[in-house]
Amino acid sequence: MLNGKTAIVTGSTSGIGLGIARELAAQGAGILLNGFGEANDIAALRTTLAQEYGVPVDYHGADMRDPEQIAAMVAHAETTFGSADILVNNAGIQHVAPVASFPRERWDAVIAINLSSTFFATQAVLPGMHKRGWGRIINIASAHGLVASANKSAYVAAKHGVVGLTKVVALETAQTGITCNAICPGWVLTPLVQKQIDAIAARDGITEAAARAALLGEKQPSGAFVTPEQLGQVAVFLCSAAADQIRGAALPVDGGWTAQ
Ligand code: NAD
């Protein structure tokens, strides 16, 4: 379905981004990976994806805190692949602390990586998408883009910001072949969430399994984690012709979290 198209997936060396990169590659899209990691691991990932799906796979190590590196990443995709047709803004970090003691440096980092990078990458891909008359911008927001939790001020502010930005980009591109939507996942068992499970286990003196159950039980009625594969397949759907008129949506994939 996506043969000949190229997708930039930010933060795709791990977790959800990697799951999305795999599903897009499985549909024939060339992939520009991005994110941190050991050079050897990233090289192995490139080879595996390219061999498994028969698509070109490249990597750019842009730090999502830096608008110039983000622009260089998009330029690299356009030079290497000839286009950047799909942009998945996925890179993200978390920091958990009450407002009163939230470190300024963590606030700045969460806003830069989770929100501002989405703006700068979108700004960089739009001219090429307009020229070609087709594009898909998919922002990985969160259930925390729709509702809040205590102790996550920067993350909740950033993700609500991503949902708002998604709507503006959708309106500005409404009469074109470019769409912009957000996916709002609930809990997905990735390194980002594993850290929070470990913190609950340490704080409450309980096993990891009990901490996982507590985390899910508090917010996610299904009691089951969302998977990166499921999110990747939702991204594939948003790239399909069936989704041509889905514009500015914030789609919960959250086991019922935001239905409550
Ligand atoms: P993860 O920690 O597994 O992966 C994060 C990715 O972002 C990694 O590839 C990492 O290298 C990259 N990254 C971090 N800082 C970066 C930077 N400065 N520059 C470039 N890359 C950087 O996390 P994840 O759980 O897969 O999260 C991915 C996205 O999904 C995030 O935006 C997160 O907020 C969102 N999300 C996650 C969950 C969940 O339950 N895991 C739920 C809702 C939304």
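The values are calculated or read from the model by the stated rules, or taken from the named source; none is laboratory data. Small disclaimer: the values here were computed from a predicted structure and weren't measured. Cβ: placed from backbone, ideal geometry, glycine included. Neighbour counts: every protein chain shown. Ligands, DNA and RNA are excluded from the accessible area calculation, which covers all protein heavy atoms including side chains. Shrake-Rupley method; radii C 1.70, N 1.55, O 1.52, S 1.80 Å.
For segment 130-149, indicate whether the set of residues that are surrounded by 14 or more Cβ atoms within 10 Å (Cβ to Cβ), of a type in the set (Phe, Trp, Tyr) and touching an Asp or Glu at 6+ places or on another chain (Cβ under 7 Å) is non-empty. Yes, segment 130-149 contains at least one residue that is surrounded by 14 or more Cβ atoms within 10 Å (Cβ to Cβ), of a type in the set (Phe, Trp, Tyr) and touching an Asp or Glu at 6+ places or on another chain (Cβ under 7 Å).
Here's the yes/no breakdown for (1) within 18 Å of the chain's Cα centre (by Cα); (2) modelled with pLDDT of 95 or more; (3) in a helix (DSSP H, G or I); (4) of a type in the set (A, V, I, L, M):
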{"residue": "Gln196", "(1), (2), (3), (4)": "no, no, yes, no"}
{"residue": "Ala210", "(1), (2), (3), (4)": "no, yes, yes, yes"}
{"residue": "Gly217", "(1), (2), (3), (4)": "no, yes, yes, no"}
{"residue": "Ser222", "(1), (2), (3), (4)": "no, yes, no, no"}
{"residue": "Gln233", "(1), (2), (3), (4)": "yes, yes, yes, no"}
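Here the strands (runs of 3 or more DSSP E) wholly within segment 1-96 that include at least 1 residues being open to solvent by 10 Å² or more (accessible area, probe 1.4 Å) are 57-60. Got a sec? Which of Ser83, Ser149, Ser101 is of a type in the set (S, T, N, Q) and within 16 Å of the ligand (Cβ to nearest atom)? Being of a type in the set (S, T, N, Q) and within 16 Å of the ligand (Cβ to nearest atom) holds for just one of Ser83, Ser149, Ser101, which is Ser149.
From the list Glu68, Glu52, exactly one residue is farther than 29 Å from Gln175 by Cβ and free of Cβ contacts under 8 Å to residues at least 24 places away in the same chain. Which is it? Only one candidate passes the filter, namely Glu68.
Of all residues in segment 166-192, those being free of Cβ contacts under 8 Å to residues at least 24 places away in the same chain and near the ligand (Cβ under 10 Å from one of its atoms) number 0. Evaluated against (1) within 23 Å of Gln123 (Cβ to Cβ); (2) of a type in the set (Asp, Glu); (3) open to solvent by 20 Å² or more (accessible area, probe 1.4 Å), Glu105 falls short on exactly one condition, (1). Might you let me know whether segment 119-135 holds any residue that is in contact with a helix residue (DSSP H, G or I) (Cβ under 8 Å, 6 or more places away or on another chain), within 11 Å of the ligand (Cβ to nearest atom) and modelled with pLDDT of 95 or more? Yes: segment 119-135 contains one or more residues that are in contact with a helix residue (DSSP H, G or I) (Cβ under 8 Å, 6 or more places away or on another chain), within 11 Å of the ligand (Cβ to nearest atom) and modelled with pLDDT of 95 or more.
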